[in-house]
1. For L131, which of the numbered conditions (1) buried (at least 16 other Cβ atoms within 10 Å of the Cβ); (2) closer than 15 Å to D31 by Cβ fails to hold?
2. Is it true that D153 is modelled with pLDDT of 70 or more, surrounded by fewer than 13 Cβ atoms within 10 Å (Cβ to Cβ) and assigned to a loop (DSSP other than H, G, I, E, B)?
3. Name the helices (runs of 4 or more DSSP H) wholly within the stretch 20-114 that hold at least 3 residues that are closer than 17 Å to N127 by Cβ and either of a type in the set (F, W, Y) or open to solvent by less than 40 Å² (accessible area, probe 1.4 Å) (or both)?
4. Mind checking which residues of the stretch 173-199 are at pLDDT below 65 and surrounded by 12 or more Cβ atoms within 10 Å (Cβ to Cβ)?
5. Which one is farthest from A12 (Cα to Cα) among residues in the stretch 134-150 that are outside any loop (DSSP other than H, G, I, E, B) and either open to solvent by less than 70 Å² (accessible area, probe 1.4 Å) or of a type in the set (D, E) (or both)?
6. Which of the residues spanning the stretch 10-19 are open to solvent by 30 Å² or more (accessible area, probe 1.4 Å) and part of a helix (DSSP H, G or I)?
Amino acid sequence: MLNIFSSTVIEAVKNKCGLNSSLAFAYFYFDFKDPAKQNYRNLICSLIVQLSWRFASIPSTLQGLYSQNQNGMQQPTPEALSTVLKELCRPFKHIYIVLDALDECTGRERSDVLGFIETLVGWGFDNVHLLATSQKAPEIERRLESLNCSHLDLEMTLISQDIQIYVRAMLAGDESFRHWKDKEKKLIEETLMKGANGM
């Protein structure tokens, strides 16, 4: 499940891009419970599909990939997928990519995903803006620190405070909760805060 920070960023990016064809966005969240949501190939394919939606017609680079792989009869290599993604990034004024919960990707897949991020940053495209979120993990911190990217450490207590403020505001301001007793609202708040755990 997307954490509140990432989902807020994604909604803001969606609103910013709107129907503006010069802007694009894509996101992917990793989930340790779902092997498909830890897969490096699935990540790249998802980004390609989402960016392709922003084109008026099927991009020629994607048509070329399809033809080169026997009209979809064989799987393209990760390198070929990466090349297509790179070409899809070129025409846009700005592209926003959000990768949520890198820490939920494990083993070889995590290493491949971090390598992909290094490749993406290595393209040096000024129009590509990447946000990756993760719990603290030494390998992730070490690999991303080497990229000279901005780093923001969000303490769980601060995130929990934000969630609590939001929940209280909803319980106080939403018309459907007005007839509920304070004791019931308090129980809802405590239950949601306990379940949220910063997410």
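1. It fails just one condition, (2).
2. On the way: modelled with pLDDT of 70 or more: no; surrounded by fewer than 13 Cβ atoms within 10 Å (Cβ to Cβ): yes; assigned to a loop (DSSP other than H, G, I, E, B): yes.
So D153 does not fit the description; no.
3. On the way: elements: 40-52, 60-68, 78-89.
Result: 40-52, 78-89.
4. The answer is M193, A196, G198, M199.
5. Of everything passing the filter in the stretch 134-150, E139 is farthest from A12 (Cα to Cα).
6. Result: E11, A12, K14, N15, K16.
The values are calculated or read from the model by the stated rules, or taken from the named source; none is laboratory data. Remember, predicted model here, so these are calculated numbers, not experimental data. Note: ideal-geometry Cβ built from the backbone for every residue, glycine included; neighbour counts use all protein chains shown. For the accessible areas, the whole protein counts, side chains as well, though only heavy atoms, and no ligand, DNA or RNA atoms are used. Shrake-Rupley method; radii C 1.70, N 1.55, O 1.52, S 1.80 Å.
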